[in-house]
Amino acid sequence: MTMSPGRQISLFLLLRIVVSLGVISLATASIVTAAIIITGLTAILTLGTMLFIIETIFLSSENPIIGISQFTLLEISFFIIVAGAILFPLVYYQPVKREIQEFNEKLGATGQLASERHTKISRTATRIAQQADIPAPEVRIVNRSRPESYTLGGLSTGTIIITRGVIRQLTETEIEAVLAHEVSHLANGDGRLMNYLLIPLLIAEDLSSNDRPKFRLKNGFGVFIFIAKLGSWVMITLITTILLFVCQLGVSLLSRAREFTADQAAAKLTGSPGALASALEKLAGARTRPTEDLRNIKRSAGPLDILPLTDQAEQHWLLRTHPTTEARIDRLRQLSVD
């Protein structure tokens, strides 16, 4: 018994999602562990330095403060992990989460409400959302000639943003297909998922953002201090670079799978895979290089744009957030046959 093309696509996408989530989970756990250790080590060294200074200046050698030499390596490691676990949310998690939230709020407030000037588009999005059994998203129109569409938020706070370039380039049927694609992202929880996946990526970037230490010979110990700093910098940079690559690999693999899934769901919602295929073909041909400010969107909304923000030919195929337009059109045509 042979499976239909649609069934084969669904099983293939499920396998890709499982593999990508496994890679992301492993990378995220490693990034969080590295952040906890680095934070805890920094805290313990800072505390030890402060105690040493206090002891040297204010206390005599007959009344010393408890020194680090009095603890075993296992005890010191325990203190480092506990301190890192306590400080990790304050130092990394909360700032990164707040950065993503503020960026999404700013991005979600751009443009004009479709309900005010493009009521037909707003009504179409509402109808498709009802078909997908989710709350009607807010649709905003951005005055930009470059054709783009992407989603922000989750089921209850979903926002679809499309540019005037999309409206000018596509027919009403094709716009409906694009809206169905974005509604599918919301129904699948892709916006919220990508926000969560951004957290380990940004933490890894923060961990590797320190500049290389510079050599300063202030005393006889200057060489040894520089070597120690350089060694720790090389180790941290190497580890975080590897973890960042692995995490980006997993996110890109998952993002490509979610695009295929959204295409498939959009085709079911509209009943016309060909309309989305036609829209993708037109939008890909109309894309130009993004402006400088648009590149800032890449880390957040980029993976959920209907097409990649930049030319993916410049990237390694493993790190591409979107499948090729040709592959997506081919799969949509398979669905038409099915």
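The values are calculated or read from the model by the stated rules, or taken from the named source; none is laboratory data. Note that the structure is predicted; figures quoted are calculated from it, not measured. No Cβ is skipped: glycine too gets one built from the backbone with ideal geometry, and neighbour counts run over all protein chains shown.
Only one of these is modelled with pLDDT of 85 or more and under 18 Å from the mean Cα position of the chain (by Cα): A275, A262, A301, A327. Name it.
Numbers: A275 fails: under 18 Å from the mean Cα position of the chain (by Cα); A301 fails: modelled with pLDDT of 85 or more; A327 fails: under 18 Å from the mean Cα position of the chain (by Cα).
Of the residues listed, the single one that is modelled with pLDDT of 85 or more and under 18 Å from the mean Cα position of the chain (by Cα) is A262.
Counting only helices (runs of 4 or more DSSP H) that sit wholly inside segment 155-218, those with at least 2 residues that are among the charged types (D, E, K, R) and either crowded, with 21+ Cβ neighbours inside 10 Å or at pLDDT 90 or above (or both) are 164-169, 172-187.
Evaluate the following for T151: is it touching a helix residue (DSSP H, G or I) at 6+ places or on another chain (Cβ under 9 Å) and not in a helix (DSSP H, G or I)?
Values: touching a helix residue (DSSP H, G or I) at 6+ places or on another chain (Cβ under 9 Å): yes; not in a helix (DSSP H, G or I): yes.
It is true that T151 is touching a helix residue (DSSP H, G or I) at 6+ places or on another chain (Cβ under 9 Å) and not in a helix (DSSP H, G or I).
When A129 is tested against (1) of a type in the set (A, V, I, L, M); (2) in contact with a strand residue (DSSP E or B) (Cβ under 9 Å, 6 or more places away or on another chain); (3) buried (at least 17 other Cβ atoms within 10 Å of the Cβ), only condition (2) is not met.
Residue pairs whose Cβ atoms lie under 8 Å apart, separated by 6 or more positions or on different chains, with the first residue in segment 75-97 and over 14 Å from A35 (Cα atoms) and the second of a type in the set (G, A, S), are F79/G40.
Would you be able to say whether some residue in segment 128-139 is modelled with pLDDT under 90, closer than 17 Å to H181 by Cβ and over 20 Å from the mean Cα position of the chain (by Cα)? First the steps, then the outcome.
Of all residues in segment 128-139, those modelled with pLDDT under 90 come to none.
The answer is no, given that none of the residues of segment 128-139 is modelled with pLDDT under 90, closer than 17 Å to H181 by Cβ and over 20 Å from the mean Cα position of the chain (by Cα).
Restricting attention to segment 133-145, the residues that are of a type outside the set (V, I, T) and surrounded by 19 or more Cβ atoms within 10 Å (Cβ to Cβ) total 2. Condition check for L243 on (1) buried (at least 22 other Cβ atoms within 10 Å of the Cβ); (2) modelled with pLDDT under 85; (3) over 16 Å from the mean Cα position of the chain (by Cα): one failure, at (3). Just so you know, in segment 30-54 the residues that are exposed (fewer than 12 other Cβ atoms within 10 Å of the Cβ) and among the aliphatic types (A, V, I, L, M) include one that is modelled with the highest pLDDT, and it is M50.
Applying the criterion of being within 17 Å of A262 (Cα to Cα), among the aliphatic types (A, V, I, L, M) and in contact (Cβ under 8 Å) with a residue 40 or more places away in the chain to the residues of segment 10-29, the residue that is surrounded by the fewest Cβ atoms within 10 Å (Cβ to Cβ) is I17.
Only a single criterion out of (1) over 24 Å from F103 (Cβ atoms); (2) of a type outside the set (S, T, N, Q); (3) modelled with pLDDT under 85; (4) under 19 Å from the mean Cα position of the chain (by Cα) is not satisfied by V251, namely (1).
Number of residues in segment 121-176 that are acidic (D, E) and under 26 Å from F103 (Cβ atoms) equals 2.
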